[in-house]
Amino acid sequence: MDAELPDEIDCTKSTSRAKEWTGRLSLDKFKKHRDFYRMETDPALKVIIGNRQGVLNIEMSLYVVVELECQRCLRPFNVNVNRVGKYIGIEAGSDYKSYSQNDGDKEIVTLLEGKLSLTSLVEEEIFLEIPMIPKHFRDKDCQLIESAEMMVKPKAERKPFADLARMIKDTTIN
Ligand SMILES: [Zn+2]
């Protein structure tokens with residue numbers, strides 16, 4: 001499980017017998033999205049590639065822990081990304097429409113000169129897993145909720161109409 005995987009897999013040599021890669025990708029290979037999330041662990045992968053009747057079938061199981069910033073309290077928290085994605089590998093620039101009709105549940109992944117980029121695929125999967133607005137899953141982990149409630153309470157005791165009532169009373173006397 002600890003073997004380090006290359007960032008690219010050459011799919012041109014794939015035969016009808018499926019090939020399997022298991023291991024991890026080194027964190028040094030990832031540079032993008034640093035501001036948005038941070039990987040806490042090396043992504044662990046299992047990639048299976050098989051050529052079925054000229055169609056390149058790719059399956060990738062991914063496990064990685066990423067750190068996000070809660071948009072409610074601005075504190076970091078961890079998310080476990082655990083996904084299995086199924087794709088069809090297509091050379092960049094070729095017509096993929098005929099493939100997507102047959103395999104609607106599979107996503108298309110582009111190959112460059114027959115090479116599949118594992119790093120881009122991992123980044124894409126993480127991106128899909130991350131919520132649009134990351135927030136702590138449990139309210140009790142979120143610090144802002146407590147402090148916000150404490151600040152709201154004294155405000156609730158204000159009586160905005162008290163002054164108005166007095167003003168009305170004053171005018172009727174005059
Ligand atoms: Zn939070």
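The values are calculated or read from the model by the stated rules, or taken from the named source; none is laboratory data. Here the structure is a predicted model, which means the values were calculated and not measured. Ideal geometry is used to build each Cβ from the backbone, glycine not excepted, and the neighbour counts take in all protein chains shown.
Identify, from the list Lys106, Lys115, the residue that is basic (Lys, Arg), buried (at least 16 other Cβ atoms within 10 Å of the Cβ) and at pLDDT 90 or above. It would help to see each step written out before you state the result.
Values: Lys106 fails: at pLDDT 90 or above.
The conditions single out Lys115.
Could you tell me whether Gly50 is under 17 Å from Val84 (Cα atoms), small (Gly, Ala, Ser) and out of contact with any Ser or Thr (no Cβ under 9 Å at 6 or more places or on another chain)? Here the answer is no, as Gly50 does not meet what is asked. Residue check: is Arg83 surrounded by fewer than 13 Cβ atoms within 10 Å (Cβ to Cβ) and modelled with pLDDT of 70 or more? Considered against the rule, which asks whether it is surrounded by fewer than 13 Cβ atoms within 10 Å (Cβ to Cβ) and modelled with pLDDT of 70 or more, Arg83 comes out as no. Residues in the range 15-54 that are in a strand (DSSP E or B) and either touching a Gly at 6+ places or on another chain (Cβ under 8 Å) or surrounded by fewer than 15 Cβ atoms within 10 Å (Cβ to Cβ) (or both): Lys19, Glu20, Thr22, Ala44, Leu45, Ile49, Arg52.
Of all residues in the range 59-80, those that are more than 28 Å from Ile9 (Cβ to Cβ) have Cβ atoms under 8 Å from Cβ atoms of residues that are in a strand (DSSP E or B) and aliphatic (A, V, I, L, M), 6 or more apart or on another chain, in Leu68/Val79; Pro76/Leu68; Phe77/Leu68; Asn78/Val65; Asn78/Val66; Asn78/Leu68.
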